[in-house]
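Structure record follows, encoded as structure tokens.
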Amino acid sequence: MKTIIREAAEDDIDTILDFMKGYYEFDNLHYNRKKLRATLQEFISCRSYGSLFLIQSIDKPIGYFCLAFGYSLELNGKDCFLDEIYISLEYRHKGIGSEVMKFIENYLKKKHIKAIHLIVFERNTGAQQYYTKNGFRTRGAAFMTKSLS
């Protein structure tokens, strides 16, 4: 199957919000469409934050992913957080995830990004195995978060 990956535009926000609903349900995350719409609009409007992409088959959108840029002294430069990635259920296990990961790595190398990070919930062992197979490693540190809003 031919997969097309392109940067998302403001016109794609409703489509991405629909995918986010599926992703958030899968990971038991709170979904607030109004807040997420505002967050997506801000993210798309400020290129320094990162890049938002739509994944498409020839005839329709099938997923999305978000790359958020940062900087790490420890890792010697620019880094990236694969903040979210979602592919519709009917398109999983068809090699699309591998195609997307290859695209991400090439994209980030062109931008001189030194490392990519992601979070996988402990209960999602399939995703953990997939990312380990694709070169991701735990670093013996706990990823911790404190919400400021």
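Numbers below:
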{"quantity": "Residue match in the range 1-10 (condition: within 18 Å of GLY97 (Cα to Cα), surrounded by 15 or more Cβ atoms within 10 Å (Cβ to Cβ) and either without any contact (Cβ under 8 Å) to a residue 24 or more places away in the chain or touching a Gly at 6+ places or on another chain (Cβ under 9 Å) (or both))", "calculated": "yes"}
{"quantity": "Any hit, the range 36-53, residues being among the hydrophobic types (A, V, I, L, M, F, W, C), within 12 Å of the chain's Cα centre (by Cα) and modelled with pLDDT of 95 or more", "calculated": "yes"}
{"quantity": "Matching option when the condition is surrounded by fewer than 19 Cβ atoms within 10 Å (Cβ to Cβ), closer than 30 Å to ARG139 by Cβ and touching a His at 6+ places or on another chain (Cβ under 7 Å), among PHE81, PHE26, PHE69", "calculated": "PHE81"}
{"quantity": "Residue within the range 89-107 that is small (Gly, Ala, Ser), within 23 Å of LEU17 (Cβ to Cβ), touching a helix residue (DSSP H, G or I) at 6+ places or on another chain (Cβ under 9 Å) and modelled with pLDDT of 95 or more present", "calculated": "no"}
{"quantity": "Breaking point among (1) under 13 Å from the mean Cα position of the chain (by Cα); (2) surrounded by 15 or more Cβ atoms within 10 Å (Cβ to Cβ), for GLU105", "calculated": "(2)"}
{"quantity": "Test set (1) in a strand (DSSP E or B); (2) out of contact with any His (no Cβ under 7 Å at 6 or more places or on another chain) - PHE19 fails condition number", "calculated": "(1)"}
{"quantity": "Residue pairs meeting the criteria (Cβ under 6 Å; at least 6 apart or on separate chains; first free of Cβ contacts under 8 Å to residues at least 24 places away in the same chain and assigned to a strand (DSSP E or B), in the range 44-59; second surrounded by fewer than 16 Cβ atoms within 10 Å (Cβ to Cβ) and of a type in the set (A, V, I, L, M))", "calculated": "none"}
{"quantity": "Residue check for GLY135: at pLDDT 90 or above and exposed (fewer than 10 other Cβ atoms within 10 Å of the Cβ)", "calculated": "yes"}
{"quantity": "Qualifying residue in the range 66-74 (condition: of a type outside the set (D, E, K, R), modelled with pLDDT of 95 or more and closer than 16 Å to THR15 by Cα)", "calculated": "yes"}
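The values are calculated or read from the model by the stated rules, or taken from the named source; none is laboratory data. Predicted model, so just to flag it, every value in this text is computed and none were measured. Heads up, the Cβs are rebuilt from the backbone with ideal geometry, glycines too, and the neighbour counts pull from every protein chain shown.
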